[in-house]
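Inspection log for the structure reproduced underneath, given as structure tokens.
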Amino acid sequence: MKQTIGNACGTIGLLHCVANSKTVLNFKPGSFLEQFLNDTNDLSPDARGKHLEQPPEGAISIDAIHEEAAQQGATEAPPADADVDLHFVAFVPGSDNHLWQLDGRKAGAIDHGETTSESLLRDVAAVVKKNFVEKANSLNFSLIALAAS
């Protein structure tokens, strides 16, 4: 999905993770997630981003959900148009058993090769080490895993 909403990369990253895990997740009927995933299943990444930013009449708006959630945290959220030096990406296993990096700022998904459920965490760690840790002058980043409890 292409990110078209300012400073929503965390939300976009979470949507990437959830959308790519929908076969193992149960969504509340009528929820934003169920509605959005059903409405955009056959759309291109650009069209999904546009649908997210400008939902059809009667659809739940992610802008409202995002703004409400951002205001609930302990840290003051920057305005959507603020220039920030922070970003989120998602790493997900694809149905083709490849590790995919999803980044709303990129032209498309990045294939990092084969992975399995057993090697996923190690494979992501290797990509992060090679592409983020070794190339950065800063360790100013965090990793979050979505996993079964």
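Okay, residues lined up against (1) modelled with pLDDT under 80; (2) farther than 17 Å from VAL18 by Cβ:
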{"position": "LEU37", "(1), (2)": "no, no"}
{"position": "ASN41", "(1), (2)": "no, no"}
{"position": "ALA47", "(1), (2)": "no, yes"}
{"position": "PRO56", "(1), (2)": "no, yes"}
{"position": "GLU76", "(1), (2)": "yes, yes"}
{"position": "ALA80", "(1), (2)": "yes, yes"}
{"position": "ASP85", "(1), (2)": "yes, yes"}
{"position": "ALA90", "(1), (2)": "no, no"}
{"position": "GLY94", "(1), (2)": "no, no"}
Tell me which strands (runs of 3 or more DSSP E) are completely within segment 89-149 and hold 2 or more residues being farther than 18 Å from MET1 by Cβ and in contact with a Leu (Cβ under 9 Å, 6 or more places away or on another chain), or say none if there are none. 110-114
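Among residues belonging to segment 39-57 that are in contact with a Phe, Trp or Tyr (Cβ under 9 Å, 6 or more places away or on another chain) and not in a loop (DSSP other than H, G, I, E, B), point out the one that is surrounded by the most Cβ atoms within 10 Å (Cβ to Cβ). Step through it out loud before you land on a result.
From segment 39-57, those in contact with a Phe, Trp or Tyr (Cβ under 9 Å, 6 or more places away or on another chain) are 48, 51-52, 55; that's our starting set.
Going one step further and asking which of them are not in a loop (DSSP other than H, G, I, E, B), we end up with 48, 51-52.
Working: ARG48: 22, HIS51: 18, LEU52: 25.
So the residue we want is LEU52.
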Which one of the conditions (1) part of a helix (DSSP H, G or I); (2) modelled with pLDDT of 80 or more; (3) hydrophobic (A, V, I, L, M, F, W, C) does ILE65 fail to meet, given that it meets all the rest? (2)
Residue under evaluation THR23, criteria (1) modelled with pLDDT under 80; (2) under 23 Å from ARG105 (Cβ atoms), criterion not met: (2)
Considering segment 19-37 alone, what residues qualify as being without any contact (Cβ under 8 Å) to a residue 40 or more places away in the chain and surrounded by 11 or more Cβ atoms within 10 Å (Cβ to Cβ)? ALA19, LYS22, LEU25, PHE27, SER31, PHE32, LEU33, GLU34, GLN35, PHE36, LEU37
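The values are calculated or read from the model by the stated rules, or taken from the named source; none is laboratory data. Keep in mind it's a predicted model, so treat the numbers as computed, not measured. Because the Cβ atoms are built from the backbone with ideal geometry, glycine has one as well, and the counts that use them run over all protein chains shown.
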